[in-house]
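One structure is given below, encoded as structure tokens.
The values are calculated or read from the model by the stated rules, or taken from the named source; none is laboratory data. Given the structure is predicted, the values throughout are model-derived calculations rather than measurements. We place every Cβ from the backbone using ideal geometry, glycine too, and count neighbours over all the protein chains shown.
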Amino acid sequence: MLRIDEVGRRAEALEGVRRSMVDGLAQWRYQGRLVARQLDDTHLVIRADFDYRASVLPQFPGTFSVPSRYRKHMMMVADLANGDPGAIEDALAAAWQLQRNPG
């Protein structure tokens, strides 16, 4: 299980990523752009472009999902309790890279 404080350490290790709290839940942003945000104690929304998301969903079905409310958005949900910590860390890095180079 990946705990939210571990997610924070990994996200905040990315250059320019800062943590803030909204309604008691953590979120991480790069220059104001969302990288990830906590949904609850075991779920995290991570920014992901559609191609990246399409590639990791079948590779890590127990780690990532896309609830219907996020289907049209560049986001996916990571399961911290059951997911692969390395895949989640890679997704955070990809989200940071996306926000650094928003196209």
- Message: Need pairs with beta-carbon distance below 8 Å; first residue touching a residue at least 24 places away in the same chain (Cβ under 8 Å) and within the stretch 14-30, second in a strand (DSSP E or B) and of a type in the set (F, W, Y); sequence gap 6+ or separate chains.
- Response: L14/Y30; G16/Y30; V17/W28; V17/Y30
- Message: Within the stretch 37-88, take every residue that is outside any loop (DSSP other than H, G, I, E, B) and charged (D, E, K, R) and give me the one that is nearest to G24 (Cα to Cα).
- Response: D40
- Item | Top-ranked residue in the stretch 1-30 [being under 14 Å from D41 (Cβ atoms) and in contact with a strand residue (DSSP E or B) (Cβ under 7 Å, 6 or more places away or on another chain); ranked as surrounded by the most Cβ atoms within 10 Å (Cβ to Cβ)] | V7
- Message: Would you confirm whether or not the stretch 46-66 contains a residue that is at pLDDT 95 or above and more than 16 Å from D90 (Cα to Cα)?
- Response: yes
- Note on the structure: Among (1) surrounded by 15 or more Cβ atoms within 10 Å (Cβ to Cβ); (2) of a type in the set (D, E, K, R); (3) closer than 19 Å to R33 by Cβ, K72 falls short only on (1)
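With the requirement that a residue be farther than 18 Å from G86 by Cβ and at pLDDT 95 or above, what does the stretch 33-42 give you? Lay out the reasoning, then the answer.
Initially, the stretch 33-42 is screened for residues farther than 18 Å from G86 by Cβ, giving 33-34, 37-41.
Across the stretch 33-42, the qualifying residues are R33, L34, R37, Q38, L39, D40.
What number of residues within the stretch 89-103 satisfy the criterion of being outside any loop (DSSP other than H, G, I, E, B) and free of Cβ contacts under 8 Å to residues at least 40 places away in the same chain?
Let us first name the residues in the stretch 89-103 that are outside any loop (DSSP other than H, G, I, E, B), namely 89-100.
Adding the requirement that they be free of Cβ contacts under 8 Å to residues at least 40 places away in the same chain leaves 90, 97.
Here the count works out to 2.
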